[in-house]
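This report concerns only the one structure given below.
The values are calculated or read from the model by the stated rules, or taken from the named source; none is laboratory data. Every value quoted in this text rests on a predicted model; they were computed, and no experiment measured them. Here the Cβ is made from the backbone with ideal geometry for all residues, glycine too, and neighbour counts use every protein chain on show. Keep in mind that these areas ignore ligands, DNA and RNA; they rest on the heavy atoms of the full protein, side chains included. Shrake-Rupley method; radii C 1.70, N 1.55, O 1.52, S 1.80 Å.
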Amino acid sequence: MYVTETEERDEREMDVTEERDEREMDVTETEERGQTDGGIGEDLLTEDELRDLQEQLSQIELPGSGHREPLPPDNDIEFPSSYKTNSRKERILLDLAENFCRQYAHLYPDRKPLFTCPQNECGVEKFVCTTLRPTLLPYPELYSWDGCARFVSEYLVMQPLHPPLELPRMLLSSSTALRRQQGSCFDFSVLLCSLLLGAGYDAYCVSGYATREMCLMDESRDICPLLQKPKEIPGEPPVKHHKKYSVKAPRQLISNFEVQQNAKQQEKIQQGLRRQRQEEEQRLADAEQPGPDPLYGLRVHCWVLVLCGKREVPEDFFIDALTGKSFQTKDEHFLGVESVWNHENYWVNMQDCRHACKDMRFDLADPLHWEYMLLSASKPLLLTPNAEQEDEEEDEDPDQDTKPVLQMPPSWVLPIVITPKDFETRCPQGKKVLQYKKTKLEKWAPYLQRDGLVSRLSLYLDSECSQVVEIQDWFQNRQDKLDMRRRETRAGVTSEYFSPGRSDALKVHVFQSMAPESERRMVFYSESRLDGLKTRDEKATEMTETFQGRSDFLYYRHTLFRKRPKKVAIAGGPAEANPRPILKVTERFHRNEGKAANEDVAERTFLLTEDRIQLRSHRADDRITTSSWDFLKPPNLGEKGARVTLTPETCASYQVEPREAVTKQLYMYETLIRLQRGELDAKEAVRRSEAEVLKILAVRTQEEACPRLTVSIYDTERNEKSKEQREAMERAQREDSELRAMLELDYLAPYLAQLGDPVKLNRAQAQQVKEDCLRDLKQRLIEQANLIQARFEKETQELQKKQQWYQQNQLSMAKEDEESYLDFCSEAMFRIHILETRLNRHKDLAPKKYLALEDQLNKDPRLSEQLLSS
């Protein structure tokens, strides 16, 4: 922001601009460098004017130019020569930038210096455009602007500018900033802009001014992004269909005057409450507002500009690299722009920033609003009518020399490399804490916490963050599939959310205590359960279950318990020895279109303490009432051999469509038997539900006491099984090589050792070695054949003995003994067959092995000469 803008300065700038348009500077000096300055001052001047202008420019002292002490180099790494020296093109570019800055300071003495050539980490001046290195990293998250911004904001730690009113003396390369994991807002923006350019965005670094909260990354007055609800798109209100035939409501005999007076009174009360609430909210908002900033509009800041066009970006927007958030270009946090640059060119803002960035245009091809430093073809200029005419005249003159264009030298920065481990770890030391309005957000790298915790959001009641209201934890890589846990500290309620994959198909668990038979709610993945259970709400005296997709059309079951009677438990006995008595079980069913409505049960209630069963059927479409039955169970119903007496009090019913078969005692008896079986099934299902709840609680207690994390088979650093398997393979390979080396040892070494290891054998010694070697092989083959024969005979004898035993005890033998005999015979015959096959194979291979060894001995160079001479 330009803090000394006055009407006199505006007039002076207009006069200077007109004078610059009328004159053209001599291009002799620039032609000696082999390039033309595409920025300020291209008109010709007279010799006296040129001499005076050169004198004035030489007397201008650029702030920070030529007075910087070289910073100490980074000794942690050996930098390449591009960090320590400048190439010829870079030196020309630095001279051009210095000339540009001198002209800029002469024309606009009230504006602050430009950020063009800061020092790098080795103390060498580098042009800011060459500090950008467009890079596309192989991570899908970094293919979008929000992913890049989030990564940069989480990976680096912000170092505020000191002093906050001046441009930084040093600009780190992106590779050094990544290695150090810290930097200023300029380092943040250069890294983010390099990633965005590599991802295909039209991105630029912006040097300007911003508010105190933006420069210091103060988000303590902002709402946490995790708590911001998406804006709801208002839809059309539902159309109410009025039925043609409907019962009119009875007329209310109420005085309209009294209703109006009461409404007015209530409206006055509500207005007073709203006024008090608004005043209280305004008071709290005023108390939370930051105090006045004495440096407002002077704080230097750097951020990223993304222009529309590429990557289907609909409109221009800003990205604050410190927080990773996006803003509109008219946002009030940004107070002014001095310059923008990318990897191709550098532009200076020529627009008035008296109203911050609200009226700014970011068409960099417009020379009236933006002054470029290098003549580049990347942003074609919007020519004025006079310029268009001059351009046509230049095209008509083929002999006129074209102005040479200086190509931007390649970036001097090392390649931006981020290892998978660093990309996964993100935050420095694996942890980062962000402070928002009444909220604190903590982030951890995966696998850093023992329980797999990766994020924690703490909500507080006051702005000082002293009273915790709610804690939300997010987890990753948990074997128990736990994704999130929400704890409401005041109400003492804990909610756990699980991803699919658990054996019990648990989805949500809401509870106050892990003690059994306390108030809780469980939600399940119904499609993963055989019983189709969807929810289970449990209290001390009741339990409600809902189902989905069952073949018996059951969708609701409610159980009412009585307090457990006091009973002395048996020491060491099971916990189910004293179950809760069941008073009432209510089940509800969906409509079964395969049955008539009068025969399709909609609800049945088992009153166990009263020995009563109540039924209610579904209502047919052409009926206004439903059939119902109230059965009183006989005392001996279901007992074998018992006489069941049915009385008129056994069944009291209301039939929408009376039928004669329903009144018969046989139909009533069969219905009672069926209902009693359903009552037993309902009681058994309730007991199974109670047992399942106890099992889930025990498993969850064990999982929280010793949480275990899953590791991918491709993660070689953390996967212990993969590491053990790799070590086992290496050990097996090493043992195999050792065995191969042992096999390659001299097979005649034992026999030569008996003769004293002579250097050369005579004929007798060679013959003796041959005979001894063949004799030992023959003896070993015979011993192996005898061993196989002995095992064969032993198995045959045992089988014969077993067969004799079977012949003797066949008549008095039990079925189990007979089955064991048949299994023994089957296994024995299998072993005998194997031994017989091995024996036959040994007989066939033994002569071949003997001949092969004899042939090998005859060809051995130590024996062949003596054996052939004999």
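Restricting the trypsin sites (Lys or Arg not before Pro) of the stretch 742-784 to loop positions (DSSP other than H, G, I, E, B) with no more than 16 neighbouring Cβ atoms within 10 Å leaves LYS760. Among the listed pairs LYS778/LYS848; LYS481/LYS507; LYS84/LYS112; LYS539/LYS584; LYS595/LYS683, those with a Cα-Cα distance over 18 Å are LYS84/LYS112; LYS595/LYS683.
How much net charge surrounds ARG841 when only other residues with a Cβ under 15 Å from its Cβ are counted (Lys, Arg +1; Asp, Glu -1)? All intermediate terms of the calculation are to be shown ahead of the outcome.
Values: positive: ARG791, ARG838, LYS843, LYS848, LYS849; negative: GLU836, ASP844.
Cβ neighbours under 15 Å give a net charge of +3.
With the largest listed first and rounded to whole Å, the semi-axes of the equivalent ellipsoid of the stretch 473-522 from the Cα gyration tensor are 20, 14, 7.
In terms of the ratio Rg/(2.2 N^0.38 Å) built on C-alpha atoms, what value belongs to the stretch 696-742? Don't skip to the end; give the middle numbers.
Values: Rg = 18.4 Å, N = 47, 2.2 N^0.38 = 9.5 Å.
My calculation over the Cα atoms of the stretch 696-742 gives 1.93.
Dipole size of the stretch 488-625 about its Cα centre, with +1 on Lys/Arg Cβ and -1 on Asp/Glu Cβ: approximately 460 debye, rounded to the nearest 20. Once the other residues with Cβ under 14 Å from the Cβ of GLY324 are scored (Lys, Arg +1; Asp, Glu -1), what is the net sum? Once all neighbours under 14 Å are counted, the net charge is -1. Here, the stretch 512-555 has an Rg and a Dmax of 11.7, 35 Å when only alpha carbons are counted. Distance from the Cα centroid of the stretch 115-160 to that of the stretch 435-497 is 31 Å (rounded to whole angstrom). Magnitude of the charge dipole for the stretch 628-732, about its Cα centre and with charges confined to Cβ atoms of Lys, Arg (+1) and Asp, Glu (-1), is about 300 debye.
Among the GluC sites (Glu not before Pro) in the stretch 627-728, those located in a DSSP loop and surrounded by at most 15 other Cβ atoms within 10 Å of their own Cβ are GLU639, GLU660, GLU717.
If you model the stretch 709-807 as an ellipsoid using its alpha carbon gyration tensor, with each semi-axis the square root of five times an eigenvalue, the axes come out at 44, 37, 6 Å, biggest first. Give me the distance between the Cα centres of the stretch 283-333 and the stretch 511-560, rounded to whole Å. Their Cα centres are 50 Å away from one another. Near the amide H of MET484, within less than 5 Å, lie the amide hydrogens of PHE475, TYR497, all on another chain or at least 5 residues away, with H placed in the peptide plane. Ranking LEU799, TYR821, LEU835 by Cα position along the charge dipole of the stretch 788-838, where only Lys, Arg, Asp and Glu carry charges on their C-beta atoms, puts LEU835 farthest toward the positive end.
Per residue, the stretch 131-202 exposes 35 Å² of accessible surface when a 1.4 Å probe is rolled over the protein heavy atoms with every protein chain present.
For LYS760, give me every one of the lysines with a C-alpha distance below 25 angstrom, ignoring sequence neighbours fewer than eight places off in its own chain. Candidates past the 8-residue exclusion: LYS770, LYS859.
With q set to 0.27 Å⁻¹, the log10 of I(q)/I(0) for the stretch 317-375, from the Debye formula over equal scatterers at the Cα positions, is -1.19. Distant-in-sequence amide contacts of THR211, defined by a placed amide H-H separation under 5 Å and a gap of 5 or more residues or a different chain, comprise LEU335.
Applying 1/(1 + (r/R0)^6) with R0 = 56 Å to the Cβ-Cβ distance of LYS268 and GLN725 gives a FRET efficiency near 0.10.
If Lys and Arg each add +1 and Asp and Glu each add -1, what is the summed charge of the other residues whose beta carbon sits under 12 Å from the beta carbon of GLN866? List each step's numbers first, then the result.
Details: positive: LYS760, ARG763, LYS770, ARG862; negative: ASP860, GLU865.
Combined, the nearby Lys, Arg, Asp and Glu give +2.
Once backbone amide H atoms are built at 1.01 Å from N, TYR436 has LEU441 as its partners under 5 Å, excluding neighbours fewer than 5 places away on the same chain. Computed over the stretch 265-334, the quotient of the alpha carbon radius of gyration and 2.2 N^0.38 Å is 1.83.
Evaluate Rg over Rh across the stretch 606-757, taking Cα atoms for both radii and Kirkwood's formula for Rh. Each step should come with its number before you reach the end.
Details: Rg = 38.3 Å, Rh = 24.1 Å.
Dividing the radius of gyration by the Kirkwood radius yields 1.59.
Sparse packing (at most 15 other Cβ atoms within 10 Å of the Cβ) combined with a DSSP loop state is found for the following chymotrypsin sites (Phe, Trp or Tyr not before Pro) in the stretch 265-363: TYR296.
Scalar couplings 3J(HN,Hα) for the stretch 835-849, obtained by applying the Karplus form with A = 6.51, B = -1.76, C = 1.60 to θ = phi - 60°, are 5, 5, 5, 5, 5, 5, 5, 5, 5, 6, 8, 4, x, 5, 5 Hz; x denotes Gly and Pro. Its Kirkwood hydrodynamic radius, worked out from the mean inverse distance over all distinct Cα pairs, puts the stretch 789-870 at 16.6 Å.
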